[in-house]
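Below is a structure I'd like to ask you about.
The values are calculated or read from the model by the stated rules, or taken from the named source; none is laboratory data. Note that the structure is predicted; figures quoted are calculated from it, not measured. Ligands, DNA and RNA are stripped out before the accessible areas are found, and what is left, the full protein with its side chains, is counted by its heavy atoms. Shrake-Rupley method; radii C 1.70, N 1.55, O 1.52, S 1.80 Å.
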Amino acid sequence: RIINREIPAQIVAENDRFIAFLDIMPLAHGHTLVVPKRENDYIFDLTDQELEDLMVFSKKVADAIRSSVDCLRVGVAVIGLEVPHTHVHLVPLRTADDINFGRPKLSPTREELASTADRIRAAFSK
């Protein structure tokens, strides 16, 4: 529904095949989801080319996150159980616990999400 703009999202990057947007209940500020626009439930059902292109696009988004959010690295996770659509989690990391999905999520305000998205978008555009 985000892809079709049926629900709002803080989109940080997009091309004709993929879209990246902030998680509204992030593990860390800047936690971003990267999603293929073609509906697909399971990441390993993507074609080899789609998987390769998804990872290359995710890398570009991760570079933008790393240059605009206070972190040491950007962690990557694909769980695939939360929603029936492939999505890659890009999580800014300062410690390994920052990517622990069992810990409480943050509750950023709309303004905080918008500010973070603006910084990532600007870095992605460079």
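Rounded to the nearest 10 degrees, what's the angle between the helix 48-68 long axis and the longest principal axis of the chain, both from Cα atoms, 0 to 90?
With both axes taken from Cα atoms, the answer is about 10 degrees.
Tell me, what ³J(HN,Hα) does each residue in the stretch 83-94 have, in order and in whole Hz, if you take phi through Karplus 6.51 cos²θ - 1.76 cosθ + 1.60 with θ = phi - 60° and put x for Gly and Pro?
For the stretch 83-94, the Karplus curve yields 9, x, 8, 3, 8, 9, 8, 10, 10, x, 10, 10 Hz.
Right, another one. Please list the non-local residues whose amide H lies under 5 Å from the amide H of Lys37, H modeled 1.01 Å from N, same-chain partners needing a gap of 5 or more.
It is Phe18, Ile19, by chain and number.
Here is a further query. On the accessible surface of the chain, probed at 1.4 Å, how many percent belong to carbon and sulfur atoms?
About 54 percent, which is the carbon plus sulfur part of the accessible surface.
Another question about this same structure. Pairing the Cα long axis of helix 110-125 with the longest principal axis of the chain, what angle in degrees results, from 0 to 90 and rounded to the nearest 10?
Taking Cα atoms only, the helix is inclined about 60 degrees.
Sequence-distant or interchain residues sharing an amide H contact under 5 Å with Gly75, placed H: which?
Excluding prolines and chain starts, which carry no amide H, the hits are Val91, Leu93.
Run the numbers on the chain and let me know its relative contact order in percent, using alpha-carbon pairs under 8 Å that are six or more apart.
It rounds to 32 percent for the chain.
Over all distinct alpha-carbon pairs, what is the Kirkwood Rh of the chain in angstrom?
14.6 Å
Considering only protein heavy atoms, what per residue accessible area in square angstrom results for the stretch 40-111 with a 1.4 angstrom probe?
Each residue of the stretch 40-111 exposes 63 Å² on average to a 1.4 Å probe.
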